[in-house]
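All remarks here apply to the structure that follows.
Laboratory data are not the source of any read-out in this text; all were calculated from the coordinates shown. Treat the numbers as computed from the prediction; the structure is a model and nothing was measured. Counting neighbours? That spans all protein chains shown, and the Cβs are built from the backbone with ideal geometry, glycine included.
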């Protein structure tokens, strides 16, 4: 199922599959997150999880804080790839750098069976408030 969520004058496209949500990370979404990371991520996670429950009749087995931190992690990783692209192309070679950039186009957030990085995000989730204070201000 694909669904569009309207937040801060931005249409955010999300794919919803059993055990997995896939957020399209386009320029509009990145801009909305950069303006209000806590608010936009929290609203999006709440709405997506509610729709997931309605569609599958069960809750997505991922904590809100874990999902929010994962969204930020992907958005800000992409930000740093772009900001320091000239330098990172040398470190990661051209092909690997391009693959990393492509992997940022869709943010896959899944339950433990579907997302091999879930344990990392689950460990970072309890530190969400602290992480929010560290987030850089991005303008793209």
Worksheet, complete the sentence: Listing 102, 128 by rising number of other beta-carbon atoms within 10 angstrom, fewest first, gives 102, 128
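Where does each of 76, 5, 53 land when they are ranked from fewest to most other beta-carbon atoms within 10 angstrom? Walk me through the numbers on the way to the answer.
Numbers: 76 20, 5 17, 53 12.
Listing 76, 5, 53 from fewest to most nearby Cβ atoms yields 53, 5, 76.
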Worksheet item: For helix 85-103, what angle does its Cα long axis make with the longest principal axis of the chain, in degrees from 0 to 90 and rounded to 10?
Response: 30
Worksheet item: How are the C-alpha pair distances of the range 66-132 spread across 10 Å bins, as whole percents from the shortest bin up?
Response: 20, 43, 31, 6
Worksheet item: Given the alpha-carbon gyration tensor of the range 2-134, what are the semi-axes of its equivalent ellipsoid in whole angstrom, ordered largest first, with each equal to the square root of 5 times an eigenvalue?
Response: 25, 16, 15
Worksheet item: How far is it, in nm, from the label point at residue 134 to the one at residue 64 when both lie 7 Å from their Cα along the line to the Cβ?
Response: 2.3
Item to complete: Could you list 118, 99 in order of exposure, starting from the residue whose Cβ has the fewest other Cβ atoms within 10 Å?
Response: 99, 118
Worksheet entry | Part-to-part distance (alpha-carbon centres) for the range 62-140 and the range 14-54, which is given in Å | 14
Practice prompt. Report the calculated FRET efficiency for residue 123 and residue 8 (r = Cβ-Cβ distance, R0 = 41 Å), to the nearest 0.05.
Written response: 0.90
Fill in: Principal-axis tilt of helix 64-83 within the chain, Cα atoms, nearest 10 degrees
20
